[in-house]
1. What's the local net charge at Ala333, with K and R +1, D and E -1, over the other residues with C-beta under 13 Å away?
2. Which number comes out as Rg/Rh for the range 8-138 once both Rg and the Kirkwood Rh are worked out on C-alpha atoms?
3. Compute the acute angle (0 to 90°) between the alpha-carbon long axis of helix 7-20 and the principal axis of greatest extent of the alpha-carbon atoms of the chain; round to the nearest 10°.
4. Limiting things to C-alpha atoms, what are the Rg and the maximum Cα-Cα separation (Dmax) for the chain, in angstroms?
5. So how far, in whole Å, is the C-alpha centre of the range 240-279 from the one of the range 1-48?
6. With a cut-off of 8 Å between alpha carbons and a minimum separation of six or more residues, what is the relative contact order of the chain in percent?
7. Taking the chain as a whole, which cysteines find no other cysteine Cβ under 4.7 angstrom from their Cβ?
8. Which residue, Ala35, Ala355, Ala202, has the most motion in a Gaussian network model of the chain that connects Cα atoms within less than 10 Å?
Amino acid sequence: MTAWLSDAEVVRRLFAHMDRGGTDLAEGVWREPVAHYRSPDRYAAELALLRGSATAFCPSAALPDTGSHLARTAAGTPLVAARGADGRVRVFRNACRHRGARVVEGDGCSKAFVCRYHGWTYGLDGALRHVPHPDGFPDLDRPGRGLVALPTIETHGLVFVTQDPDGAADPGLDEWPVLVPAGNRLVQAADQELPVNWKVFAESFLEGYHIRSTHRDTFYPVQYDNLNVVEHVGPYTRITFPYRAIERLRGRPAAEWRIEGKLTYVYHVFPNVMIATFPHFVFMVAIEPLAIDRTRFLTWITTAGARGDPASDAPAEPRLRVTPAEGAALIAAGAAEDNAAAIAVQEGLASGANAWLEFGRSEGALQHFHRTLRAALAARGVAPEATA
Ligand code: FES
Ligand SMILES: [Fe+2]
């Protein structure tokens, strides 16, 4: 498949599943060795893959103005993204060219980056602009000592970067819908950690087989158990989670079907980013391995709605029947349930019970994740563990 299904095709497939009590099924099952979550060599190879891949760094909405910047680590490397006076976003290694200190922390808006250590100052384009007491550096090659820029591209409402200086930042999303609409504003950004392997955390987004068991009082009342459309385009996956409100589209002509408030799309922007569409919001989650059993996740919530934060109680559009505050509270409660499940899985990895984990036919998005990861690592000479 080279493109995602249209919204109407997704809805038709969901209705067909509802009528038959089915869901999208993969051809077979997948066994993933537990060693792939516990082997330091495998973990090191995955980090190297993350550094060498085009990965989504943040939504464009996190860098709205000239001078907007966002510093964070990506696969362990300190980076900073900044929007220049020319409107372009550049991503630099966040390391001073004097002695390597970070030149900026966190996010904000500024005209230049001033290293806290000795005051070397860089422009938004990375150029070295000022060195205090320059007689200490008589032969300084200023043009050659700007911040080190990495291949970067802004597309589909996201900023992509690769840490491979000779690599391509373009993730090849050409035919995709825009993931974060251009007019969306950032309303909330968060930065959290969990004591789990990064893949265990990623897996919690990618199947609907757990909706009834895990989300009995949160998502299950408004969604369905084990009822999804799962699509793959290259390394990427889109999984559709319908809401019960989708029934209201039945009996109406397909040309009038509007999916907002009727389903959630989760895009797995391989390897480590999820984009989820909700009524009122688009979420981005960047999943950053900190250690083999520790993961940082950065979340950005953007909205096309009026100014305010998602905790506001602005009236819902009548057809959505949920206010932004109610929606945000529900999503937070569901996420807490997913996180508890991920921690339980992580503890189970060490239990000795399983040599491999099994992803069933209705967990096709997880199968695709691991198949794609395995192939990408194999291309780098990393062989999988046996599952026998
Ligand atoms: S390390 Fe940045 S100015 Fe010295
Ligand atoms: Fe979940």
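1. -3
2. Reported Rg/Rh (Cα atoms, Kirkwood Rh): 1.22.
3. Taking the Cα atoms of the chain, the angle to 7-20 is about 40 degrees.
4. Every Cα atom of the chain included, Rg and Dmax give 22.3, 79 Å.
5. Each part reduced to its Cα centre gives a spacing of 17 Å.
6. Details: 763 pairs, mean separation 84.1, N = 388.
In percent, rounded to a whole number, it is 22.
7. Among the cysteines of the chain, those whose Cβ sits 4.7 Å or more from every other are Cys58, Cys109.
8. It is Ala355.
The values are calculated or read from the model by the stated rules, or taken from the named source; none is laboratory data. Since the model is a prediction, treat every value here as computed from it, not as a measurement. Cβ atoms come from the backbone with ideal geometry, glycine included; neighbour counts cover every protein chain shown. Heavy atoms of the whole protein, side chains included, go into the accessibility calculation; ligands, DNA and RNA do not. Shrake-Rupley method; radii C 1.70, N 1.55, O 1.52, S 1.80 Å.
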